[in-house]
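Written out below as structure tokens is the structure these notes cover.
The values are calculated or read from the model by the stated rules, or taken from the named source; none is laboratory data. Please read all numbers here as calculations on a predicted model, not as lab measurements. For neighbour counting, all protein chains shown are included, and Cβ atoms are generated from backbone atoms with ideal geometry for every residue, glycine included. Ligands, DNA and RNA are stripped out before the accessible areas are found, and what is left, the full protein with its side chains, is counted by its heavy atoms. Shrake-Rupley method; radii C 1.70, N 1.55, O 1.52, S 1.80 Å.
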Amino acid sequence: MREPGAIDCADVTPVKGIRKLIADKMMQSLQGTAQLTLHSSFDATACQQYRKKRLADGESKVSINDLVAKAILSALKLHPEMNAHFLGDRLAVFHEVNLGIAVDSPRGLMVPVVEGASTMSLEMLSAEIKKKAIACRDGTIQPDDLSGGTFTLTNLGMLGVENFTPVLNPPEIAILGVGGISVKPKRQEDGEISFVDQISLSLTIDHQAIDGAPAARFLQTFVNHLETHPGENPQNIEGEE
């Protein structure tokens, strides 16, 4: 009888380096936070039209992920309580957004941080996200670039994942997961049903620091931005609810 835990006929390697670091951080996250995930989606039509218009006007190419990142900044401007660290007996709410971007690298999951993202134009933000992702994949990312985030974005849509539950990156209190595109029915204002490209969203929060209702309002603002005026700067939509 084979003993439980036997590792015959298997390649065995020690868990060390970045894999060990990731393993420890994931366990610390799940054991030290009260994680709650809210699920939603958005109609990608406006984003797709915006991207086509940019190209037609001779402007730089931006991805859906770039527009999602910009929309996060716009929503955080109206819901700053989501841009925070939970420190046990203290809650630090930040004035600026240092946006973490989860990157799948040959060494494992990395989360480089775009510092001062809330002050950047869409073009600057897009360029900085690409720069940090490339540095992770070619191994030139600096340790200082992997810390200091205040809110994280993770996107598995390009890998065909429709829905998933992202894990918090403590002490941050929120992380937004983006899934792939699915064709779904949508009722228009005239009552007619049309089929549109929908992109799934999963917002995980630390319920110790933020409740479900304010997190849901943040998600509503975020979705509204992407469906009505993607790519615009946060200051251009101040007062939107």
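When the trypsin sites (Lys or Arg not before Pro) in segment 146-241 are filtered for DSSP coil states and for at most 16 other beta-carbon atoms within 10 Å of their beta-carbon, no site remains. Counting pairs of alpha carbon atoms under 8 Å apart in space and at least six apart in sequence, what relative contact order in percent does segment 92-224 give? Computed over segment 92-224, the figure is 19 percent. Counted by Cβ distance under 14 Å from Lys53, the other residues give a net charge of +1, where Lys and Arg count +1 and Asp and Glu count -1.
Measuring nothing but protein heavy atoms, the accessible surface of the chain at 1.4 Å probe radius is 53 percent carbon and sulfur. For the pair Ile22 and Asp8, the difference between a 0.36 nm per residue extended length and the Cα-Cα distance amounts to 2.4 nm. Counting lysine pairs in segment 1-117 whose alpha carbons fall under 24 angstrom apart, excluding pairs fewer than 8 residues apart on the same chain, gives 6.
Can you tell me how segment 59-115 classifies by the Cα gyration tensor, rounded, prolate or oblate, using a/c under 1.5 as the rounded cut? Oblate shape, in that a/c is at least 1.5 and b/c is the bigger or equal ratio. The distance separating the Cα centre of segment 1-66 from that of segment 175-207 comes to 19 Å. From the square roots a ≥ b ≥ c of the eigenvalues of the alpha-carbon gyration tensor of segment 149-226, which class results: rounded (a/c under 1.5), prolate (a/b over b/c), or oblate? Oblate. Taken one residue at a time, the phi angles of segment 176-193 give Karplus couplings (6.51, -1.76, 1.60, θ = phi - 60°) of 10, x, 10, x, x, 8, 10, 8, 9, x, 9, 7, 7, 4, 7, x, 6, 9 Hz. Gly and Pro are set to x. For the chain, relative contact order (Cα pairs under 8 Å, six or more residues apart, normalised by length) works out to 29 percent. Probing with 1.4 Å while keeping every protein chain in the model, the per residue accessible area of the chain equals 54 Å².
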